[in-house]
Amino acid sequence: MTEQNSSTSKIIEIRPKVVFQAVENRYQAQNTEFTVNIPSSAIGGLTLLESAILVSFIKLISPAAIFEFGTYMGATTLLFARNSSDSTEIITIDIDPNTTATQEDISEADYLNDGNANDEHLRDIFAKHGAIYINRAERHLREKVTQLYQDSTTIDPQQQNFLKRFQLIFIDGGHDLETVRCDTENALNMAADDAIIVWHDFRSQIHDDVTRFLDGFSQTHEIVHVAHTMLAFMLIGSTREILN
């Protein structure tokens, strides 16, 4: 994968209603609902609008398998589990919380303004509490989820039987340039022929490496940003038609 350092972005921006209209068109004879937890007061989670967009993608493509880079507290993992079919397989990856050293001296001012400090703070929360949303979920939802404790940059898609396996991939792990690049490269290999790859923290005020990477990546791939969110996505194969 080439260096992503372009100052010119070709990212397309759409309004959230474009995604919601696609869902309305697909389910014209019924109400379309979704279940979500009240957003956590802790940093690092999704907004309600972002949650609605992700669930809309699930409704539009009915994924057989979902992969998530970055489990954190498991709120998004549980969102996927609650709003997908009973047979949907969900695999989520994060570093082993038992091997993560906490950094007690990170100030609020630092983790709210510095991307590296923010990631350290999120790792601290994960190390102390684990994926609490998954742990507290109903048994039938927990059984849909496989948690991997592994550095995502060490994934071997072929060896781990991940090649072309997932119809929805969500990238929200490490936010530094190298990790985003590596997770994206793996996601491209892991995506099914018809799939959606979604990135979080695009145009984040602190994780600017995600934006930097995607701005460069958009030179060779069609990337779409959903306005009023930090979600950007790429449609692969027949999913390119879902918003038409």
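Of all the residues in segment 40-81, those that are more than 28 Å from Asp151 (Cβ to Cβ), without any contact (Cβ under 8 Å) to a residue 60 or more places away in the chain and in contact with a Leu (Cβ under 8 Å, 6 or more places away or on another chain) number 1. Selection of segment 41-89 for residues being surrounded by fewer than 20 Cβ atoms within 10 Å (Cβ to Cβ), part of a loop (DSSP other than H, G, I, E, B) and of a type in the set (A, V, I, L, M, F, W, C) yields Ala42, Ile43, Ala64. Between Val198, Val210, Val224, the distinction of being closer than 25 Å to Arg82 by Cα and either of a type outside the set (S, T, N, Q) or within 14 Å of the chain's Cα centre (by Cα) (or both) belongs to Val198 only. Can you work out which of the residues in segment 28-40 that are within 18 Å of Asn135 (Cα to Cα) and in contact with a helix residue (DSSP H, G or I) (Cβ under 7 Å, 6 or more places away or on another chain) is surrounded by the most Cβ atoms within 10 Å (Cβ to Cβ)? Among those residues, the one meeting the criterion is Val36.
Annotation: of all residues in segment 221-237 being in contact (Cβ under 8 Å) with a residue 60 or more places away in the chain and either surrounded by fewer than 14 Cβ atoms within 10 Å (Cβ to Cβ) or of a type in the set (Asp, Glu) (or both), the one that is nearest to Asn25 (Cα to Cα) is Ala227. Which residues, taken from segment 208-220, are in a helix (DSSP H, G or I) and surrounded by 19 or more Cβ atoms within 10 Å (Cβ to Cβ)? Within segment 208-220, Asp209, Val210, Thr211, Phe213, Leu214, Asp215, Gly216, Phe217 meet the criteria.
Is there a residue being on the phi < 0 side of the Ramachandran plot and at pLDDT 65 or above anywhere in segment 109-118? The answer is no, given that none of the residues of segment 109-118 is on the phi < 0 side of the Ramachandran plot and at pLDDT 65 or above. Against the condition of a type in the set (Phe, Trp, Tyr), in contact with a Leu (Cβ under 7 Å, 6 or more places away or on another chain) and modelled with pLDDT of 95 or more, how does Phe162 come out, does it pass? So Phe162 does not fit the description; no.
Within segment 166-191, restricting attention to residues that are among the hydrophobic types (A, V, I, L, M, F, W, C) and touching a residue at least 60 places away in the same chain (Cβ under 8 Å), the residue that is surrounded by the most Cβ atoms within 10 Å (Cβ to Cβ) is Ile169. Does Arg240 satisfy being surrounded by fewer than 22 Cβ atoms within 10 Å (Cβ to Cβ), under 20 Å from Ser152 (Cβ atoms) and among the basic types (Lys, Arg)? It is false that Arg240 is surrounded by fewer than 22 Cβ atoms within 10 Å (Cβ to Cβ), under 20 Å from Ser152 (Cβ atoms) and among the basic types (Lys, Arg).
Taken across segment 65-72, residues that are of a type in the set (A, V, I, L, M), closer than 22 Å to Asn161 by Cβ and either in contact with a strand residue (DSSP E or B) (Cβ under 8 Å, 6 or more places away or on another chain) or at pLDDT below 95 (or both) do occur, with at least one present.
The values are calculated or read from the model by the stated rules, or taken from the named source; none is laboratory data. Owing to the predicted nature of the structure, the values given are computational and were not obtained by experimental measurement. Using ideal geometry, Cβ is built from the backbone for each residue, glycine included, and neighbour counts are taken over all protein chains shown.
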